[in-house]
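Notes for the one structure printed next.
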Ligand code: NDP
């Protein structure tokens, strides 16, 4: 039987790239999956259609991760569509890179809103509905372990915030039977960080396995943490980075 049969999941930022791969993998493992999107409604509809074509269950919800009201509504819609929420994957994230002297305050605020406030609000609202066996999975970054290039200080600030949130949350959620973990991807071939883009030229030589990761290779780690097999794993930072930060 499928490891996530009967479970329901919400993946933020599931219209493209890593989030889309996570949504498809959780659905393939048996979960009913809600994805949120902001700028890419057509891509979100495609992900839903692909999941349905494979025999799975999915819905797409427009919800800017930087809007607390929209994020709360997305959790509520997931619960009303599927009858609950067992798995939350906080994947939506943005990176605006600039040298610290030039970082615009509005870009700082937007990164905090999407990468940190969005994660707090989604987590708080999901936990209010979660039963024992629940799973919270954050998407961090290998940049919290090794800053491979300049201009990403604020992005890394936001991902570092999630690392602290992750650790301390285990004390609140452990007694409820809910686990919380962070997957830290290394360079992964997506729209944000294409394998032939500017970051690749810098980090390429550091990739122990000699290549970028695939979104599906992050999704498989998330799926393990979402599964009943991972019940004893909580508060962990799971690095999937092809050895970049080893
Ligand atoms: P992409 O930019 O390729 O895709 C981002 C996804 O998040 C899209 O589905 C996008 O949806 C969604 N998203 C972005 N902003 C918002 C928002 N405000 N509200 C709702 N959804 C939003 O990113 P990746 O797939 O590469 O990254 C996914 C996560 O992994 C991020 O948290 C990122 O920081 C992290 N990460 C990525 C790495 C990499 O090398 N790729 C390495 C380490 C971490 P839409 O277009 O509909 O707005």
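Summary of computed values
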item: Using alpha-carbon coordinates, inclination of helix 17-28 to the longest axis of the chain, degrees; result: 30
item: Spatial extent of the stretch 192-246: Rg and Dmax, with the Cα atoms as the point set, Å; result: 13.5, 39
item: Degrees between helix 118-127 axis and first principal axis of the chain (Cα, 0 to 90, nearest 10); result: 20
item: Estimated distance in nm for a label pair at residue 246 and residue 200, the labels positioned 7 Å out from Cα along Cα-to-Cβ; result: 2.2
item: Cα Rg, Dmax, the stretch 1-133, angstrom units; result: 15.1, 54
item: Top of 228, 150, 187 by mean-square fluctuation, Gaussian network on the chain, Cα under 10 Å; result: 150
item: Whole-number D in µm²/s for the chain (Stokes-Einstein; Kirkwood sum over Cα pairs; 10 °C, 1.306 mPa s); result: 89
item: Hull shadow area, averaged, the stretch 105-221 [alpha-carbon convex hull, nm²]; result: 8.2
item: Choice from 122, 27, 39 with maximal GNM fluctuation in the chain (Cα, 10 Å cutoff); result: 39
item: Gained length - residue 192 relative to residue 98, 0.36 nm times residue gap less alpha-carbon distance; result: 32.4 nm
item: Helix axis angle, 153-173 relative to the chain longest principal axis, alpha carbon, degrees; result: 30
item: Euclidean distance of C-alpha centroids, the stretch 175-246 and the stretch 47-107, integer Å; result: 18
item: For the stretch 135-178: Kirkwood Rh in Å [reciprocal of mean 1/r, alpha carbons]; result: 11.6
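Just so you know, all these numbers are worked out from the coordinates, no wet-lab data involved. These numbers come from a predicted model, not from an experiment. Here the Cβ is made from the backbone with ideal geometry for all residues, glycine too, and neighbour counts use every protein chain on show.
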